[in-house]
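In what follows, a structure is listed as structure tokens, so that the remarks can point back to it.
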Amino acid sequence: MKKKTISVLLAAAMVIGTFAGCGSSPEPAAPAEEAAPAEEAAPAEEEAAPAEEAAPAEAEEEAAAPALEGTLKVAAFEGGYGADMWTEVCKAFEASHPGVTVELTVDKKIEDVITPGMKAGDYPDVVHCATGREAGLTETLAREKGLLPLTDVMEMTVPGEDVKVKDKIVPGFLDTLATNPYGDGVTYYAPMFYSPCGLFYDAGLLEEKGWTLPTTWDEMWELGDKAKAEGISLFTYPTTGYFDAFMFALLASSGGSSFFDECMTYSEGVWESEDARKVFDIVAKLAEYTEPTTVANANNESFTKNQQLILDDKAIFCPNGTWLPGEMADAPRSENFKWGFTAIPAVNAGGAGCSFCWFEQMWIPAAAENQDLAKEFVAYMYSDEAAAIFAASNAIQPIVGIGESLEGDNQLFYSVYDSGATAVMGTFAATTPVEGTTMADALFETVNSIVSGDKTVDEWIAAVTEVSDKYRAAME
Amino acid sequence: MKNTKAKKAFIVTCVAPATLLFIIFMIVPTIKVFNMSLYKWGGFSNTKQFVGLSNFKLLMSDSNFFRSFQNTILLITLVTIVTMAFALIFAAILSREKIVGQNFFRIVFYIPNILSVVVISAIFSAIYDPNNGLLNSILSIFRGKDATPILWMGDQKIVIYSLVIAMIWQAIGYYMVMYMASMASVPESLYESANLEGAGRIRQFFDITLPLIWTNIRTTLTFFVISSINLSFLFVKAMTNGGPDGATEVFLSYMYQQAYTNSSYGYGMAIGVLVFLFSFALSAVVNAATKREPLEF
């Protein structure tokens with residue numbers, strides 16, 4: 001009998017244990033929401049103002065420039081530039097803002113780290129995470145209207161300096177769909193590290209063979225034929241993901257910037273137009289000159305093999321961003337190898353070549369607790385102090401005059417706009433999600449099928465038009 | 001009377017923790033998935049829009065979804081049939097025949113199973129490499145040195161079979177060990193008398209071994225269905241990411257793409273519901289179709 005009582009007691013203890021275990025899971029979510037106002041209130045020694053009230057009050061506070069205090073949660077994507085620069089910048093921010101503690105999370109898969117907390121209501125205050133990533137967090141927040149407008153941040157004075165943020169940012173960067181996702185002139189994304197995208201090649205190979213760098217597509221095809229005779233392919237690509245920058249530049253070169261904007265806002269019939277047709281035809285012709293094994297390696301597992309083709313002089317051009325030389329730094333290469341970088345040749349005779357300018361974005365979730373401090377942090381990113389820390393890791397921000405401090409390969413890459421190429425910026429306008437299709441799949445992923453001959457250009461255009469129509473409907 | 005009451009209370013208290021855990025971690029999430037599939041929702045905001053069965057209607061006209069469905073079914077059937085056949089043959093040979101280095105083979109066959117999918121995909125991307133890969137190098141002996149390389153991961157007609165091979169290679173060892181375990185429990189006397197009656201090895205395999213390990217085969221069939229669905233996602237993510245141009249998209253990778261990359265969480269959950277119902281139904285069908293009177297020995 002005693003034994004039985006003991007077992008019943010033990011079983012009861014297990015049941016209670018289970019309840020306790022489950023009970024604790026919803027708890028962190030609830031206090032996290034309440035804890036932040038308390039945190040804010042206590043060190044700031046102000047009235048315990050709930051977070052909701054804090055937001056409208058910020059405009060006045062800004063004028064009075066109050067001492068901001070508290071804990072700021074920063075989440076940053078660890079890209080090719082490494083994580084150390086983030087640690088340093090946060091330390092510098094803490095040093096220049098006494099009373100502020102920065103809780104930094106840096107990860108290569110930052111979405112996976114912060115998303116579970118966000119779903120439970122625990123949002124970071126500032127997030128550095130670009131659009132176009134597989135997890136789609138940045139786009140999802142835009143589509144869900146979950147971003148805080150940064151227009152007033154642009155009007156703020158850079159901490160420690162007497163310049164406004166918007167005056168420090170290179171002109172043009174704030175007028176794109178990559179900073180104003182809804183195309184309504186309101187900035188939601190702060191432009192961070194930028195990288196001109198274009199064609200990388202082995203300058204040593206061209207010198208050795210006596211080939212000149214093509215500036216038009218006709219010259220490109222000529223070079224392609226010459227190279228073919230020597231067993232070298234004209235073109236390769238890491239994965240179809242890189243065709244965004246490539247095709248955006250072609251579109252802008254073909255029809256000009258207003259045409260490019262029409263493409264990005266899904267204008268009716270834009271993909272069937274003459275200007276778009278030229279772009280599709282160029283890519284289709286380029287497909288014939290593409291290194292034959294490219295498609296087989298155009299996946300996340302093997303894309304470096306395609307990049308290696310450039311180093312081995314098996315293919316001449318490869319579309320990419322300025323991080324490529326860093327990514328391939330340890331790879332073996334042909335003897336006279338020298339990185340070359342050029343803009344995408346002009347589509348129309350006499351037109352300008354184009355280079356898509358890709359940049360990462362920083363944003364504040366609308367549900368962030370410490371919005372004032374978050375805005376201060378975003379403004380601080382554009383200070384000379386922060387820019388110097390980032391630049392030391394080769395992360396270049398679109399800050400006026402930063403080009404003068406560049407050295408080595410970077411100087412070559414970032415000077416592409418000085419040598420006549422037009423900068424193209426932007427991305428597809430944010431809409432409510434359209435189930436089952438993405439513009440990226442229809443427009444870029446199909447390139448694999450064009451190269452392998454599984455689809456024709458007409459099928460490609462028809463598919464893009466169909467998807468674009470769906471997105472136009474979702475935008476209205 | 002008092003005794004049975006106490007006994008009942010005891011049983012209830014013992015079963016309660018597991019039941020509770022099961023409800024909280026299995027039943028509730030499943031119901032939530034079903035519930036979320038009725039909304040248009042990106043996954044973050046509080047603005048969930050109830051759309052009824054509209055997600056399912058969209059799915060029925062989504063050709064990408066059907067392609068991923070086809071690919072999944074192809075993977076399930078091919079991987080199951082080939083893996084089972086090979087695993088049974090290897091298990092029979094290793095447990096019935098006297099071969100030098102039996103244990104060595106057992107270990108070698110099992111090794112792929114302890115490797116992570118990422119390692120396996122790295123191995124296979126080396127094997128499938130169009131220029132220096134193992135497969136094309138061997139084939140070049142027969143096809144001549146200058147033949148155009150076969151693009152194992154690039155040809156849309158071949159690539160799904162390249163995945164099938166990798167999945168089979170990974171799974172054989174595990175099932176082989178399972179079958180060997182049950183074959184070991186078949187009494188030796190049956191084989192001895194079969195030998196005396198003049199039955200050959202193959203006859204013994206089909207008339208003694210197979211019927212006597214049938215219950216084990218039935219269980220593993222259900223495993224095959226579930227693991228093919230799950231593993232195909234991992235292999236696709238690591239090796240092709242659904243490419244080239246969606247040729248290897250399976251329904252879990254498609255669900256991930258829709259729920260996250262395309263910010264259509266509700267739509268992703270609708271795919272999840274169909275996957276759930278499909279795998280449930282398939283397991284039930286497989287179970288019913290393979291039902292036999294268990295043989296006693």
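Read-outs: derived from the displayed coordinates by stated rules, not from any lab. Keep in mind that this is a model prediction, so the values were computed, not measured. For neighbour counting, all protein chains shown are included, and Cβ atoms are generated from backbone atoms with ideal geometry for every residue, glycine included.
Can you work out ³J(HN,Hα) from phi for every residue in segment A:300-305, in order, using Karplus 6.51 cos²θ - 1.76 cosθ + 1.60 and θ = phi - 60°, giving whole Hz and x for Gly and Pro?
4, 6, 10, 4, 5, 5
Explain nothing, just compute: Karplus ³J(HN,Hα) = 6.51 cos²θ - 1.76 cosθ + 1.60, θ = phi - 60°, for every residue of segment B:179-189 in order, whole Hz, x for Gly and Pro.
Per residue, the Karplus-derived 3J(HN,Hα) values read 5, 4, 4, 6, 5, 5, 8, 6, x, 4, 4 Hz.
Give me the dipole magnitude in Debye, nearest 20, for segment B:10-121 about the Cα centre, with unit charges on the beta carbon: positive for Lys and Arg, negative for Asp and Glu.
Values: 8 positive and 2 negative charges, 23 e Å.
Once rounded to the nearest 20, the dipole reads 120 debye.
Ranked from highest to lowest mean number of other Cβ atoms within 10 Å per residue, what is the order of the peptides A:213-223, B:231-241?
Details: A:213-223: 17.0, B:231-241: 22.9.
Top to bottom by mean Cβ count within 10 Å: B:231-241, A:213-223.
Going by amide H atoms built from the backbone, whose H comes under 5 Å of the H on B:Y39, apart from near neighbours?
For B:Y39, whose amide H was placed from the backbone, the distant partners under 5 Å are B:V51.
Taking only DSSP H segments of four or more residues, each worth -39500 (n - 2.57), what value at 222 nm results for chain A once the sum is divided by all its residues, to the nearest 500 deg cm²/dmol?
Numbers: 20 runs with 218 residues, N = 476.
Rounded to the nearest 500, it is -14000 deg cm²/dmol.
I'm checking a number: the convex hull volume of the Cα atoms of segment B:5-74, normalised per residue, in Å³. What is it? Before the final figure, lay out the partial values.
On the way: hull volume 12.1 nm³, N = 70.
In segment B:5-74, the Cα hull volume divided by residue count equals 172 Å³.
Would you please put A:359-366, B:187-194 in order of how densely packed they are, using the mean number of other Cβ atoms within 10 angstrom per residue and starting with the highest?
Working: A:359-366: 23.2, B:187-194: 12.1.
The packing order, highest mean first, is A:359-366, B:187-194.
Among the aspartates and glutamates, which have Cα under 20 Å from the Cα of A:K209 when same-chain residues fewer than 8 positions away are ignored?
A:D218, A:E219, A:E222, A:D225, A:E230, A:E291, A:D312, A:D313, A:E335
Under 5 Å between amide H atoms, partner at least 5 residues away or on a different chain: which partners does A:M192 have, H built in plane at 1.01 Å?
So A:M192 has HN proximity to A:E360, A:Q361, A:M362.
Reachable lysines from B:K5, Cα under 27 Å, same-chain residues fewer than 8 places away excluded?
A:K2, A:K3, A:K4
DSSP loop (so not H, G, I, E, B), at most 12 other Cβ within 10 Å: list which GluC sites (Glu not before Pro) in segment A:365-412 pass both filters. Before the final figure, lay out the partial values.
On the way: sites: A:E369, A:E376, A:E385, A:E404, A:E407; in loops: A:E369, A:E407.
Within segment A:365-412, the qualifying GluC sites (Glu not before Pro) (loop, at most 12 other Cβ atoms within 10 Å) are A:E407.
Need one value for B:129-136: mean number of C-beta atoms belonging to other chains within 10 Å of its residues' C-beta atoms. All intermediate terms of the calculation are to be shown ahead of the outcome.
Working: counts 5, 9, 7, 1, 2, 0, 0, 1.
Rounded to a whole number, the mean comes out at 3.
Taking every pair of alpha-carbon atoms in the protein assembly as shown, what share in percent sits in each 10 Å bin, from 0 to the bin with the longest distance?
2, 11, 19, 21, 19, 13, 8, 4, 1, 0, 0
Pairs of Cα atoms under 8 Å, at least six residues apart: use those to get the relative contact order of chain A, whole percent. Could you put the intermediate results ahead of the total?
On the way: 739 pairs, mean separation 110.4, N = 476.
Reported as a whole number, the value is 23 percent.
If the cut-off is a Cα-Cα distance under 18 Å, which aspartates and glutamates reach A:K145, setting aside same-chain residues fewer than 8 apart in sequence?
In chain and number order, the partners are A:E52, A:E111, A:D122, A:D125, A:D184, A:E369, A:E435, A:E476.
Of the listed pairs A:K91/B:K48; A:K108/B:K57; A:K166/A:K470; A:K314/A:K455; A:K109/A:K375; A:K226/A:K278, which have alpha-carbon separations greater than 29 Å here?
On the way: A:K91/B:K48 39 Å; A:K108/B:K57 37 Å; A:K166/A:K470 35 Å; A:K314/A:K455 26 Å; A:K109/A:K375 24 Å; A:K226/A:K278 23 Å.
From A:K91/B:K48; A:K108/B:K57; A:K166/A:K470; A:K314/A:K455; A:K109/A:K375; A:K226/A:K278, over 29 Å: A:K91/B:K48; A:K108/B:K57; A:K166/A:K470.
Through the Karplus equation 6.51 cos²θ - 1.76 cosθ + 1.60, θ set to phi - 60°, convert the phi angles of segment A:281-288 into ³J(HN,Hα) values in whole Hz; use x for Gly and Pro.
Ordered by residue, 3J(HN,Hα) equals 5, 4, 5, 5, 5, 4, 4, 5 Hz.
With 23 Å as the cut-off, how large is the P(r) tail for segment A:267-378, expressed as percent of Cα-Cα pairs?
Working: 3341 of 6216 pairs.
Here the tail beyond 23 Å accounts for 54 percent of pairs.
Consider a paramagnetic label point 7 Å from the Cα of B:I93 along Cα→Cβ; state which residues of segment B:186-203 have an amide N under 20 Å from it.
B:200-203
A:A120 to B:I24: FRET efficiency via 1/(1 + (r/R0)^6), r the Cβ-Cβ distance, R0 22 Å, to the nearest 0.05?
Numbers: r = 16 Å, r/R0 = 0.74.
According to the calculation, E is roughly 0.85.
List the residues, sorted by chain then number, that are 5 or more residues from A:F317 or on another chain and whose placed amide H is less than 5 Å from its amide H.
Result for A:F317 returns A:F235, A:T236.
Please compute, for peptide B:238-250, the average count of beta-carbon atoms on other protein chains lying within 10 Å of each residue's beta-carbon. Show your work: numbers first, answer last.
On the way: counts 3, 4, 5, 8, 3, 10, 14, 15, 5, 4, 1, 1, 0.
If you average over the peptide's residues, the count of other-chain Cβ atoms is 6.
For chain B, calculate the relative contact order in percent as a whole number, restricting contacts to Cα pairs under 8 Å that are 6 or more residues apart. Walk me through the numbers on the way to the answer.
Values: 288 pairs, mean separation 86.8, N = 297.
Relative contact order for chain B comes out at 29 percent.
In the protein assembly as shown, with Lys and Arg counted as +1 and Asp and Glu as -1 at Cβ, which of these residues, A:F303, B:T4, A:V126, has the Cα nearest the positive end of the dipole, that is, farthest along it?
The one lying farthest along the dipole's positive direction is B:T4.
Kirkwood Rh over alpha-carbon pairs of chain B, then Stokes-Einstein at 10 °C and 1.306 mPa s: what D in µm² s⁻¹, rounded to an integer?
Value of D from the Cα-based Kirkwood radius: 70 µm²/s.
If we sort A:417-428, A:161-172, A:71-82 on the protection proxy, mean other Cβ atoms within 10 Å, highest first, what's the order?
Numbers: A:417-428: 18.8, A:161-172: 15.4, A:71-82: 20.3.
In descending order of packing, they fall as A:71-82, A:417-428, A:161-172.
Given a Förster distance of 60 angstrom, what is the FRET efficiency for B:T47 paired with A:A388, based on the Cβ-Cβ distance and rounded to 0.05?
On the way: r = 42 Å, r/R0 = 0.69.
Once the sixth-power term is evaluated, E becomes 0.90.
So the label point goes 7 Å from the Cα of B:L190 along Cα→C-beta, right? Which residues of segment B:206-227 then have their backbone N under 20 Å from it?
Flagged as within label range: B:206-221.
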